[in-house]
Amino acid sequence: MPIAPTPVTGPKPDDTERPTAGRATDQTAPDTAGRRPGPRADLIFAAVAIGLAAFVTSGLWTDLGQRSLKASTSDQTFFEWLLAYGPYALTHGQDPLFADLLNVPYGVNLGMNTSITVIAIVFAPVTWLFGPTAAYVTVLTANLAGSAFAWYWVLSRHLVRSPLAAAVGGLLAGFAPGLVSHANGHLNWTAGWLVPVIVWQVLRLRQPGRWLRNGIVLGVLVAAGFSIAAEGLFFTAIACGIFLGTWALSRAVRAEARAALPDLLRGLAVTAVTALVLLAYPLWLHFAGPQRFHGTGYDAIIHAEDLAGYAAYPIRSLAGVLGLDTELAANPTEENSFLGAGLLILAVVCFVTLWRRADPGRRATLRALAVTAGVFTVLSLGPKLKIMGTVTGIPLPYALLDDVPLFDAALPSRLALAVAPVFAVLLALTVDRLRDAPPSRAATGAWVAGFAAALLPLTPMPLLTIDRDPVPTFVTSGAWRDHVSPGGVLVPVPLPLDITPDAQRWQAYALAHRQGEFKLPSGYFLGPGGPDGRGRIGPVPRFTDGLLLEVARSGEVPPIGDTERAGVRADLDYWDAEVVVLADHVFGTAWPVRQEALLELMTELLGPPERVEDVWLWKPNGN
């Protein structure tokens with residue numbers, strides 16, 4: 001989300017600085033040159049951010065072996081797998097963006113999923129030393145703390161004088177309800193530290209004479225952002241365009257905008273070339289590679305924000321645990337707005353206060369912030385207005401974008417994530433102004449009370465966690481290598497899907513501990529096969545998939561005859577399966593998995609199993 005343009009410095013032909021509208025009289029965004037917070041303030045904020053992030057993720061830290069996020073164990077499993085696969089692929093000469101270890105025989109296009117390759121490589125030592133779960137919790141905690149600190153850093157260095165103002169903005173943006181909600185599984189969306197860095201680098205393109213350097217830096221950031229959170233990068237680009245376009249159209253800054261335009265355009269051209277060079281292969285995979293699809297297949301109405309959601313409080317907040325939460329989100333990981341009524345009111349009061357005391361130049365900035373927040377709010381509501389869970393049928397602008405490329409691969413509700421940073425900037429500017437020109441004691445008390453009433457209810461609480469079954473000794477001991485050839489196919493019972501993700505953890509463990517590789521049919525990922533050429537979760541089901549899932553859910557074994565045995569045998573041949581494995585304990589995200597019924601079913605289908613360590617094992621070909 002863009003922040004306010006401020007004066008920039010750099011080498012200029014005449015060694016003078018370009019004029020910035022309203023700089024001399026603007027009280028809402030004072031020049032911060034030479035007034036940066038000292039190391040002590042930075043260290044204090046970093047400690048607070050790390051402490052709060054560790055508090056939010058504390059339930060996972062208590063047992064890195066078995067604790068999992070309650071709201072989205074499958075997403076946690078997927079990202080653990082990515083953290084294991086990324087460094088394994090690079091150290092073994094495999095494609096980090098296309099994996100043939102899942103979805104045998106087709107593989108998975110990770111360019112169409114969230115590959116987080118950059119994060120996986122950076123944190124490879126943690127994965128190798130402590131395992132993918134430890135790496136996942138470390139990255140999740142670092143993302144939350146880093147998001148807050150990145151916003152604090154940009155605000156304190158380029159927008160406000162007061163460390164307190166930067167801290168208020170940094171904590172709100174870094175621990176916004178939407179980011180805490182996405183901490184229930186999503187390493188991509190919690191990487192909010194990318195946004196202020198990219199936005200500030202976009203604004204730095206205005207620096208005269210430095211368009212080449214700044215363009216290259218921004219291009220590298222764009223490439224990294226595409227790997228970590230392509231959807232978030234797309235939203236950030238839209239926000240920058242709306243903000244800068246609105247700002248430049250204001251009469252008070254038109255001369256400044258025209259003067260900055262040549263350097264901005266040159267810098268953007270360099271950014272595009274740099275990013276295209278670095279992303280040539282990932283973009284080919286995304287738009288023309290194997291196992292691609294068009295659109296996510298998610299319903300845009302279901303995954304749109306409820307208008308009432310903006311005034312609601314999230315589940316994992318102080319207000320939420322006190323009973324003020326709602327069920328207005330599609331699921332607990334998608335509370336993308338949920339800013340609370342108090343913060344909505346405070347943001348409006350801050351905007352009006354700043355507007356009344358701003359000169360025309362600063363009003364251009366405030367207007368651009370308001371328009372950006374307004375556009376993203378409206379678009380986040382999806383194609384039809386929804387209020388208190390009821391779809392009204394009133395059409396909204398997003399209906400025109402639903403089938404537009406890139407928008408068709410995004411969820412409209414996530415556009416609401418751009419609103420909290422705008423509010424954070426407004427609050428930071430207000431605190432800075434109040435610190436610069438303190439009001440009366442009574443007014444100060446009123447402001448403190450207002451900030452407390454708006455922000456304290458949003459204080460994030462620890463994420464809910466549950467126990468999940470440990471990885472079987474059959475895998476952790478490496479015993480699987482006695483029964484599966486290198487790169488051979490192991491068929492777990494049930495197959496790995498979003499509701500039964502265990503086997504994907506087995507594979508991640510083997511990769512992270514450098515045991516070698518085995519391949520899996522199915523998996524939890526987005527792939528082709530959905531309606532109208534859109535994507536779907538997992539592969540297109542085969543006969544065995546449905547049979548295993550129904551027995552796992554119901555616990556009832558249907559009559560097994562030649563037809564059922566032939567169907568399963570055909571699938572095992574299709575996957576080129578070497579072994580079929582059923583663990584003693586199988587975790588299900590939606591319902592308890594009936595392991596005893598699955599054992600009975602597989603015995604009926606394939607005959608008596610072999611007992612190996614803590615699993616039951618069948619060899620379809622008798623080897």
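Descriptive notes on the structure:
- Each residue of segment 358-371 was assigned a 3J(HN,Hα) from its phi angle through the Karplus expression (A = 6.51, B = -1.76, C = 1.60, θ = phi - 60°), giving 9, 7, x, x, 6, 5, 4, 5, 5, 4, 5, 4, 5, 5 Hz with x at Gly and Pro.
- What the phi angles of segment 322-329 give under the Karplus curve with 6.51, -1.76 and 1.60, with θ = phi - 60°, is a coupling list of 8, x, 9, 6, 9, 10, 8, 8 Hz, glycine and proline written as x.
- √(5λ) per eigenvalue of the Cα gyration tensor, segment 29-120, largest first, Å: 37, 21, 12
- Compared with the direct C-alpha span, the chain from Ser485 to Arg514 gains 8.9 nm at full extension, assuming 0.36 nm per residue.
- Size check on the chain: the Cα extents along the three principal axes, sorted descending, read 85, 53, 51 Å.
- Centre-to-centre, using Cα atoms only, segment 131-156 and segment 528-545 are separated by 34 Å.
- Under Karplus coefficients 6.51, -1.76 and 1.60, residue-wise ³J(HN,Hα) of segment 93-107 in Hz, glycine/proline x: x, 9, 6, x, 10, 9, 10, 9, 7, 10, 6, 4, x, 8, x
- In units of the rule-of-thumb radius 2.2 N^0.38 Å, segment 242-363 shows an alpha carbon radius of gyration of 1.59.
- Our summary of shape: the Cα atoms of segment 220-279 have principal axis extents of 39, 21, 11 Å, ordered from largest down, in whole angstrom.
- Over segment 440-588, the ratio between the Cα radius of gyration and 2.2 N^0.38 Å evaluates to 1.60.
- Against the chain, whose longest principal axis comes from its Cα atoms, helix 39-56 is set at around 40 degrees.
- Each principal axis of segment 343-471 carries a Cα extent, and these read 54, 46, 29 Å when sorted largest first.
- Surface accessible to a 1.4 Å probe, Lys384 within the full protein complex, Å²: 90 Å²
- Under the Debye formula (equal points on every Cα, no solvent term), log10 I(q)/I(0) of segment 167-295 at q = 0.13, 0.18 Å⁻¹: -0.65, -1.08
- Of all DSSP beta bridges confined to the chain, the antiparallel ones make up roughly 75%.
- Anchor Lys70: aspartates and glutamates whose Cα lies under 19 Å away (excluding residues fewer than 8 positions away in-chain): Glu80, Asp325, Glu327, Glu334, Glu335, Asp467, Asp469, Asp498, Asp502
- The accessible-area ordering, largest first, of the residues Arg481, Arg362 stands as Arg481, Arg362, per a 1.4 angstrom probe.
- Additional length obtainable on full extension of the chain from Phe287 to Ser554, 0.36 nm per residue less Cα span: 92.1 nm
- The residues Ile301, Ile216, sorted by heavy-atom accessible surface at 1.4 Å with ligands and nucleic acids left out, run Ile216, Ile301 from largest to smallest.
- Å² per residue, accessible surface of the chain at 1.4 Å: 40 Å²
- Protection proxy ranking, highest mean first, for peptides 558-567, 80-89: 80-89, 558-567, where packing is the per-residue count of other beta-carbon atoms within 10 Å, averaged.
- Tail weight of P(r) past 18 Å, computed on alpha-carbon pairs of segment 205-253, percent: 47 percent
- Degrees between helix 163-174 axis and first principal axis of the chain (Cα, 0 to 90, nearest 10): 30 degrees
- The magnitude of the dipole of the chain, with charges of +1 and -1 set on the Cβ of Lys/Arg and Asp/Glu and taken from the Cα centre, is near 3500 debye.
- Diffusion coefficient, µm² s⁻¹, Stokes-Einstein with Kirkwood Rh over alpha-carbon pairs of segment 69-139 at 37 °C and 0.692 mPa s: 267 µm²/s
- The Cα center of segment 456-527 and the Cα center of segment 371-431 differ in position by 35 Å.
- Solvent exposure, largest accessible area first (probe 1.4 Å, DNA, RNA and ligands not counted), of Ile302, Ile499: Ile302, Ile499
- Rounded to the nearest 10 degrees, the inclination of helix 502-512 to the longest alpha-carbon principal axis of the chain is 80 degrees.
- Residues whose amide H comes within less than 5 Å of that of Leu396, counting only those at least five positions distant or on another chain, are Lys384, Leu385 (H built at 1.01 Å from N in the peptide plane).
- A probe of 1.4 angstrom, applied to the heavy atoms of all protein chains, finds Val277 with accessible area near 110 square angstrom.
- With a Förster radius of 35 Å applied to the beta-carbon distance between Asp95 and Leu464, the computed FRET efficiency rounds to 0.45.
- At q = 0.14 Å⁻¹, base-10 log of I(q)/I(0) for segment 530-594 (Debye sum, equal scatterers on each alpha carbon): -0.55
The values are calculated or read from the model by the stated rules, or taken from the named source; none is laboratory data. Please read all numbers here as calculations on a predicted model, not as lab measurements. Note that we place each Cβ from the backbone using ideal geometry, even for glycine, and neighbour counts take in every protein chain shown. The protein model used for the area step is the full one, side chains on, heavy atoms only, and it has no ligands, DNA or RNA in it. Shrake-Rupley method; radii C 1.70, N 1.55, O 1.52, S 1.80 Å.
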